[in-house]
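The values are calculated or read from the model by the stated rules, or taken from the named source; none is laboratory data. Quantities reported herein were computed from a predicted structural model and do not represent experimental measurements. Methodologically, a virtual Cβ is constructed for each residue, glycine included, from the backbone with ideal geometry; neighbour enumeration extends over all protein chains shown. With ligands, DNA and RNA removed, areas are computed over all heavy atoms of the protein, side chains included. Shrake-Rupley method; radii C 1.70, N 1.55, O 1.52, S 1.80 Å.
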Amino acid sequence: MNAPHRKRTRQLRLGDVRIGGGAPVVVQSMTNTDTRDAEATLEQIRRLHAAGCEVVRLAVPDEAAAAALKVIAPASPVPLIADIHFDWRLAVAALDAGLKGLRINPGNIGGAVPVDNVAAAAKANGAVIRVGVNSGSVEKELLERFGGPTPEALVESALRHVRMLEERGFYDTKISLKSSSVAHTIASYRLMAERADYPLHLGVTEAGTPMRGAVKSSVGLGLLLFEGIGDTMRVSLTADPVKEVGVAWEILRAVGLRSRGPEIVSCPTCGRTEIDLIGMAEKVEAHIQSHPAAANSRIKVAVMGCVVNGPGEAREADIGLAGGRGKGVIFRKGQVLRSVNGEDALLAAFLEELDKLITPNS
């Protein structure tokens with residue numbers, strides 16, 4: 001599949017991560033630990049990094065959380081963004097602690113002087129500011145003018161905040177426009193993409209529990225990415241944030257923009273299935289996820305339920321298994337590699353062959 005043609009935006013640097021300007025779409029998540037607990041927060045950041053997260057956002061609600069950043073930032077394997085609301089001093093403290101990104105709404109941090117101070121500190125520290133507007137944060141005057149948190153209202157609110165930074169000579173800005181409505185999210189980003197060339201951070205806010213949130217995010221973010229819109233992304237789930245990272249990578253793989261680790265395809269099962277295909281597919285997926293070298297492998301893996309048609313149906317797979325009653329075959333590129341009797345033996349043999357492909361020189 002040809003990759004979508006990306007809308008060209010200005011390029012920013014968040015630490016050593018390039019954003020916009022043709023750089024790969026960046027996968028982001030947010031910790032859900034208490035930031036004041038530096039060790040717990042660092043442990044989650046490390047797990048996110050291991051899962052493929054490239055930028056992590058932290059809530060900074062008070063001075064204790066800001067103080068913890070002095071411990072967290074030097075030890076983090078990825079660039080960090082401080083999520084700040086209302087208190088501009090926390091933003092400056094985060095920058096002083098070494099963070100290279102802020103997520104703020106300039107309009108809610110206390111007026112002209114606080115915005116002056118934050119913009120100056122961000123500029124001095126070479127930091128990026130994300131202007132983040134949600135459907136619940138639109139100014140009352142705009143709600144009245146546009147008849148609610150419409151896409152036009154979200155875009156106008158964001159541009160109003162961006163202009164506050166531009167008036168202070170600050171342009172290292174990216175923008176997010178999040179709604180729990182997929183339709184409003186798509187319309188908002190499309191409109192912003194027409195009106196500005198700042199990098200866009202994609203997300204559907206309050207998306208929900210893992211299944212519902214993954215569906216809403218896949219539809220909204222996937223459509224925008226396929227249209228070439230978006231430079232960073234977060235999948236918001238009511239779950240362990242590591243799950244967000246996995247969904248984000250699968251969305252990027254599906255639209256042909258980026259991939260990480262093997263692709264797994266499997267049949268949905270039917271009345272002809274004579275093995276525990278669901279269980280085998282889950283075990284194969286778990287094996288790949290835990291494999292230390294899997295992140296750098298780009299192979300395609302198939303788990304099929306029909307020993308007659310499986311190899312043919314998944315002929316493009318680099319390696320696959322197909323099971324029948326009491327036996328199964330392991331195949332490569334549609335050609336049978338070996339036959340194995342017994343489900344347990346089939347799975348063990350398949351994982352052995354899979355490991356050879358993931359780490360060919362081991």
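Name all residues of the range 256-283 having a backbone nitrogen under 14 Å from the label point set 7 Å from the Cα of Asn309 along its Cα→Cβ direction, giving them as ranges.
Counting backbone N atoms under 14 Å from the label point, the list is 267-274.
With θ set to phi - 60°, apply the Karplus curve 6.51 cos²θ - 1.76 cosθ + 1.60 along the range 47-61 and write out the HN-Hα couplings as whole Hz, x wherever there is a Gly or Pro.
Working through the residues one at a time gives 5, 4, 4, 4, 7, x, 6, 10, 9, 10, 9, 10, 6, 10, x Hz.
Enumerate the calculated ³J(HN,Hα) couplings along the range 158-175 in order (Karplus 6.51 cos²θ - 1.76 cosθ + 1.60, θ = phi - 60°), each rounded to whole Hz, writing x wherever the residue is Gly or Pro.
4, 5, 4, 5, 4, 4, 4, 6, 4, 4, 9, x, 10, 10, 7, 10, 10, 10
Please state the charge dipole magnitude for the range 6-94, taken about the Cα centre, from unit charges on C-beta atoms (+1 on K and R, -1 on D and E), reported in debye and rounded to the nearest 20.
The calculation lands at about 740 debye.
Name the long-range amide H neighbours of Ala302: under 5 Å, sequence gap of 5 or more, or other chain; modelled H, no Pro or chain starts.
Long-range HN contacts for Ala302: Val265, Ile319, Gly320, Leu321.
With r defined as the distance between the Cβ atoms of Asp34 and Val71 and R0 fixed at 22 Å, what FRET efficiency is calculated, to the nearest 0.05?
Computed FRET efficiency for Asp34 and Val71 comes out at 0.95.
Could you please state how large a percent of the accessible area of the chain is carbon and sulfur, counting protein chains only and using a 1.4 Å probe?
51
Using amide H atoms built in the peptide plane, which far-off residues or other-chain residues are under 5 Å from Asn134 H to H?
When sequence neighbours closer than 5 places are left aside, the close amide H contacts are Lys178.
Could you work out the local net charge near Leu191, counting Lys and Arg as +1, Asp and Glu as -1, over the other residues with Cβ closer than 11 Å to its Cβ?
Taking every Cβ under 11 Å from that of Leu191, the sum is -1.
Taking the dipole about the Cα centre of the chain, with the C-beta of Lys and Arg at +1 and of Asp and Glu at -1, give me whichever of Ser218, Trp88, Ala23 is farthest to the positive side.
Working it through, the farthest residue towards the positive pole turns out to be Ala23.
Over what distance in Å are the Cα centres of the range 71-144 and the range 329-362 separated?
51
Using Cα atoms only, what is the angle between the long axis of helix 343-358 and the major principal axis of the chain, expressed in degrees (0 to 90) to the nearest 10?
For helix 343-358, the angle is close to 60 degrees.
Tell me, how many Å apart are the Cα centres for the range 1-51 and for the range 255-273?
Their Cα centres are 25 Å away from one another.
What are the residues whose amide H is under 5 Å from the amide H of Leu337, where those residues sit 5 or more places off or on another chain and H is modelled from the backbone?
HN-HN under 5 Å from Leu337: Ile330, Phe331, Arg332.
Rolling a 1.4 Å sphere over the protein heavy atoms, what is the accessible area per residue of the chain, to the nearest Å²?
44
Could you please report the charge total around Glu206, scoring K, R as +1 and D, E as -1 over all other residues with beta-carbon less than 14 angstrom from its beta-carbon?
Around Glu206, the surrounding residues sum to +3.
Considering Cα pairs under 8 angstrom that are at least six residues apart, work out the relative contact order of the chain and quote it in whole percent.
Relative contact order, the chain: 13 percent.
Using a cut-off of under 20 Å, list every residue of the range 194-213 whose amide N is near the label point 7 Å from the Cα of Leu143 along the Cα-to-beta-carbon line.
Under cut-off, by backbone N: 205-207.
What is the dipole size for the chain, taken about its Cα centre, with +1 at each Lys and Arg Cβ and -1 at each Asp and Glu Cβ, in debye to the nearest 20?
It works out to roughly 920 debye.
Under the definition of Cα pairs under 8 Å and six or more residues apart, what whole-number percent is the relative contact order of the range 1-132?
Once normalised by length, the contact order is 20 percent.
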